[in-house]
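Since the structure comes first, as structure tokens, the remarks are kept for the end.
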Amino acid sequence: MSIYLNSLGMICPLGHTNDAIRARLFAGQSGVLPDLSRRNPAGQALALGALAADIALPGDEHLPLRERSRNTRIALAALAAIRTEVDAAIARFGAHRVGIVLGTSTSGIAEGEHAFRHRSPGSHGDSNGCAFPAGYHYGQQELGSPAAALAATLGTGGPAYVHSSACSSSGKAMASAARLLNMGLCDAVICGGVDSLCDFTVAGFSALESVSAERCNPLSVNRHGINIGEGAALFLMSRDNARVALSGWGESSDAHHISAPDPEGHGAALAIAQALQRAGLQAAQIDYINLHGTATPQNDAMESKVLHALFGAGVPVSSTKPFTGHTLGAASAIEAGLCWLAMQDDNHAGLLPPHLWDGVADPALPVLDVAAAGRALGHAPRHVLSNSFAFGGSNVALVLSRVED
């Protein structure tokens, strides 16, 4: 049974419309910029993938307090772009036949940070004699909140839940959405992911010495780590024919280390192999690979090793994290969204998402075919692979295939 990605709503540091995002992507214009308000332990301003300050996010006043957060409003912004198609699916199939499966790692953590900073000493409200400010509910931090908020907004009654497996979250959400369709539990699913900047994640990755003060530099000998980003990508997925299908997916778990990947990449290779098998494709049929490409020493080493073993150096690759930052729980869906944009009819030249870096390859890494700005296939990509490898060894690989008339 074929599973199709019928429409895409996305908001990220490259913009809040598909046209704007694709234009900046193919032009090589990064959305990662220095943020003077957040610094590393050395006092350097961190480069972050923040949404543009002039983007007006939708309101969330229609939701219960526990579902209100900036994270929710970012998800609502992505939903707004596909609301017409979603409403049509609800009208056609019935609200109980439309599901929602998302990935996130932050949910409303930023609201919790704000609440703890502004507790009122001396007020009654908890055992410490302090009260949280008005407008805060601990449920805002509940990881299922984004799915509950979208279900409440749309009035859907199908399954609504969230995956939270760090950087693989939204890829796993897309795989779960496909399973809901294949099992006949839903006729359409809104799937993808959302994550928002907060001090918790920036400080946490800084403590791990994994954050770069400059724009991240995947595959370079000069790479220093990731840039934290934010955004959302939502797909309307169904069995209705569309230009792009989710033809394959694979999932695995390394159980190797809490934060470091298995250096041999056994789990990553297994996820990729499963995705190719499910899609009915050989490695040679993949036109482009979107790397997990975090620019951390260990991830780039592992991923390069796995891809060189499976594909050699003949498939164009790039990491799009220098454009958006690492959007954590939303990364898989946003990167699948960038691939989806490249697979549409109006990409006649077959331009590929370019790899932004300093061009100084790490000689310790196996050679890959890195896609420079302007790289084109001469036709829209037919089959693409997008990888996401998360903390705890949670791996997901997605294969998107273009459906010809």
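Data for the structure
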quantity: So Ala95, is it buried (at least 20 other Cβ atoms within 10 Å of the Cβ), of a type in the set (A, V, I, L, M) and modelled with pLDDT of 90 or more; calculated: no
quantity: Of all residues making up the range 57-99, the number that are hydrophobic (A, V, I, L, M, F, W, C) and free of Cβ contacts under 8 Å to residues at least 24 places away in the same chain; calculated: 3
quantity: Qualifying positions in the range 66-87 - over 19 Å from Asp19 (Cα atoms) and surrounded by 15 or more Cβ atoms within 10 Å (Cβ to Cβ); calculated: Arg66, Glu67, Arg68, Ser69, Arg70, Asn71, Thr72, Arg73, Val86
quantity: Close pairs from the range 360-377: first more than 15 Å from Ala342 (Cβ to Cβ) and free of Cβ contacts under 8 Å to residues at least 12 places away in the same chain, partner of a type in the set (Phe, Trp, Tyr) and part of a loop (DSSP other than H, G, I, E, B), Cβ under 6 Å, at least 6 apart; calculated: none
quantity: Whichever residue in the range 360-405 is surrounded by fewer than 23 Cβ atoms within 10 Å (Cβ to Cβ) and β-branched (Val, Ile, Thr) and, among such residues, is nearest to the chain's Cα centre (by Cα); calculated: Val370
quantity: Total residues in the range 137-163, condition part of a loop (DSSP other than H, G, I, E, B) and crowded, with 20+ Cβ neighbours inside 10 Å; calculated: 3
quantity: Residue count, the range 262-291 (criterion: buried (at least 18 other Cβ atoms within 10 Å of the Cβ), in contact with a His (Cβ under 9 Å, 6 or more places away or on another chain) and not hydrophobic (A, V, I, L, M, F, W, C)); calculated: 4
quantity: Residue count for the range 307-338, restricted to those that are among the hydrophobic types (A, V, I, L, M, F, W, C) and surrounded by 24 or more Cβ atoms within 10 Å (Cβ to Cβ); calculated: 10
quantity: Residue in the range 339-346 that is within 25 Å of Gly31 (Cβ to Cβ) and free of Cβ contacts under 8 Å to residues at least 40 places away in the same chain present; calculated: yes
quantity: Residues being at pLDDT below 95, in contact with a Leu (Cβ under 8 Å, 6 or more places away or on another chain) and of a type in the set (S, T, N, Q) - total across the range 20-70; calculated: 1
quantity: First in the range 232-253 and more than 16 Å from Leu181 (Cβ to Cβ), second anywhere and part of a strand (DSSP E or B) and among the basic types (Lys, Arg), Cβ under 7 Å, 6 or more apart; calculated: Arg243/Arg402
quantity: Any strands (runs of 3 or more DSSP E) falling wholly within the range 299-405 and containing at least 2 residues that are at pLDDT 95 or above, among the aromatic types (Phe, Trp, Tyr) and at negative phi; calculated: none
quantity: Among the residues listed as Ala207, Ala173, the single one being closer than 25 Å to Leu338 by Cα and out of contact with any Ser or Thr (no Cβ under 6 Å at 6 or more places or on another chain); calculated: Ala173
quantity: The range 7-29 residues that are aromatic (Phe, Trp, Tyr), paired with ones that are surrounded by 15 or more Cβ atoms within 10 Å (Cβ to Cβ) and at pLDDT 95 or above (beta carbon under 7 Å, 6 or more apart); calculated: Phe26/Leu351
quantity: Residues within the range 186-223 that are outside any loop (DSSP other than H, G, I, E, B), at pLDDT 95 or above and surrounded by 24 or more Cβ atoms within 10 Å (Cβ to Cβ), tallied; calculated: 8
quantity: Residue ranges of helices (runs of 4 or more DSSP H) in the range 63-122 with at least 1 members over 20 Å from the mean Cα position of the chain (by Cα); calculated: 83-93, 109-117
quantity: Index of the failed condition, Ser259 passing every other in (1) crowded, with 17+ Cβ neighbours inside 10 Å; (2) over 29 Å from Phe93 (Cβ atoms); (3) among the small types (Gly, Ala, Ser); calculated: (1)
quantity: Candidates His118, His114, filtered to the one that is over 30 Å from Asn241 (Cβ atoms), in contact with a Pro (Cβ under 7 Å, 6 or more places away or on another chain) and surrounded by fewer than 20 Cβ atoms within 10 Å (Cβ to Cβ); calculated: His118
quantity: Residue match in the range 224-238 (condition: more than 17 Å from Leu36 (Cα to Cα), in contact with a Phe, Trp or Tyr (Cβ under 8 Å, 6 or more places away or on another chain) and surrounded by fewer than 21 Cβ atoms within 10 Å (Cβ to Cβ)); calculated: no
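The values are calculated or read from the model by the stated rules, or taken from the named source; none is laboratory data. The structure displayed is predicted, hence computed values, not measured ones. With ideal geometry, Cβ positions are generated from the backbone for all residues, glycine too; neighbour counts draw on all protein chains shown.
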